[in-house]
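Step one of this worksheet: look at the structure below.
Bear in mind that the values in this text are calculations on the coordinates, not laboratory data. This structure is a prediction, so every number in the text was calculated from the model and none was measured. Cβ placement follows ideal geometry from the backbone for every residue including glycine, while neighbour counts extend to all protein chains displayed.
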Amino acid sequence: MKIIIAPDSFKGSLTAIEAAQAINNGVKKAFHDAETVLLPVADGGEGSMETLVAATDGNIKHLPAVGPLGNKVEAAYGVLGDGKTCVIEMATASGLNLVPEEKLSPLQATTYGTGQLIKQALDDGFSSFIIGIGGSATNDGGAGMLQALGLQLLNKNGKEIGYGGGELNQIKQINMSSFDKRIKDCNFIIASDVQNPLIGADGASAIFGPQKGATAEDVALLDGNLTHWADKVAEITGITLHGLPGAGAAGGIGGAFQAFFPYVMKRGIDVVLDYIKLDEKVMGADLVITGEGQVDSQTASGKTPMGVAQAAKRRDVPTIIIAGAVGKGIEVLYDFGVISANSIIDRPMPLEEAIERAAELVELSAEKVVRTYFYQKVNDRLNV
């Protein structure tokens, strides 16, 4: 019996690695001699860097950077096991997780720290990059990142503009003369599931701004500022970001990559699954178990359980999902190889208790689902 264990994190309670171990513990309680393969997964957002580094026996380099609100934070980038590929998760320098809820301010939040990570990696000799752009606290169109890499964004007085999306309307001139020339000789894979344009009703400010603390008035201001930014970018690059799919990702940093970098945009889960070689490792398996904190109708849009199930289905291997909560609209997942989605909550309990007991509950759920699955499979064979 071979079981692939490939969960994402259960946000707020378990990392992907911890979730995989908890599932493994449950499987081993049910079938101690089962062959299990642990492949913690992420979908390009928070946790992707650690997942890729762990899967390839790479390492992580820690360094200080400018945080979202201009404060100093401890950030990091990863190096894959090949020693050649640098993985940057923008959330480590520019993420929502770095800002207390009461201090969220997309008008001020900057991507400057993300640019610092790229610059340091360039200084360290890397030219191949994977950039995960999920979980940002920013709405500055990637302007801060570009400034950290030498792009000059000048106001009417010839001075650099300040941090944040609230400053973009001050740009009078973009000067590329000092922009890091090494970038043109690099390759960048941008891990993002977002196809939103930069501006408008479906743009970065309107769709994601409120999640980052923007009021209705802020959204209108930010959208206007991003329009001004896109106009200026078009003047110097000829690239029109306004309605370009993916340009609105992570507060517009997707557009910055599209305009100023040699890039390829890929679905985050596909990037991770390629590097952990799930498609190969699922061969010969009897079952795949995946999971994350919440499974619902949005899971089919490219979240980890969906990507894992798709890879397993290509090898005709069924997938079971274990989740903190199972919401509405999961029926669509059954068309992609998922045979069941199971909540770890076994009785009514406060959220705090569920978070505290997450590892225990995941383990119990894993034991139950594999016992049920293989018991039914044996019965089916006997009844043939």
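By other beta-carbon atoms within 10 Å, ranking S136, S128 with the fewest at the front produces S128, S136. Residues whose amide H comes within less than 5 Å of that of G70, counting only those at least five positions distant or on another chain, are T110 (H built at 1.01 Å from N in the peptide plane). The gain in end-to-end length when the E74 to Q195 segment is fully stretched comes to 40.6 nm, 0.36 nm per residue minus the alpha carbon separation. Histogrammed with a bin width of 5 Å, the alpha carbon distances of region 48-268 distribute as 1, 8, 17, 21, 21, 17, 9, 4, 1, 0 percent, first bin at zero.
Between region 36-107 and region 283-304, the alpha-carbon centres lie 22 Å apart.
Relative contact order for the chain: 18 percent, from Cα pairs under 8 Å spaced at least 6 residues apart, divided by residue count. Here is how the number arises for the chain: DSSP H runs of 4 or more residues each give -39500 (n - 2.57), the sum is divided by the residue count, and the result at 222 nm is -10500 deg cm²/dmol. Eigen-decomposition of the gyration tensor built on the alpha-carbon atoms of region 1-47 gives equivalent ellipsoid semi-axes of 22, 11, 5 angstrom, largest listed first. Roughly speaking, what is the centre-to-centre gap between region 320-334 and region 238-277 when only Cα atoms are used, to the nearest Å? Region 320-334 and region 238-277 have Cα centres separated by 28 Å. Each Cα pair under 8 Å and six or more residues apart adds its sequence gap; the mean of these over the residue count of region 253-353 is a relative contact order of 25 percent. Placing a label point 7 Å from the Cα of A220 along the Cα-to-Cβ direction, the residues of region 153-175 whose backbone N falls under 19 Å from that point are 165-170.
Cα-Cα over 21 Å: which of K119/K181; K277/K368; K103/K156; K61/K103; K281/K368; K72/K184?
In this structure, K277/K368; K103/K156; K61/K103; K281/K368; K72/K184 lie more than 21 Å apart at Cα.
Computed over region 79-176, the P(r) tail beyond 15 angstrom holds 63 percent of alpha carbon pairs. Around the amide H of A247, modelled in the peptide plane, lie the amide H atoms of L198, all under 5 Å away and 5 or more residues distant in sequence or on another chain. Our Cα-only numbers for region 298-347 put the radius of gyration and Dmax at 10.6, 35 Å. Computed on region 48-268, with alpha-carbon pairs under 8 angstrom and 6+ residues apart, the relative contact order is 19 percent.
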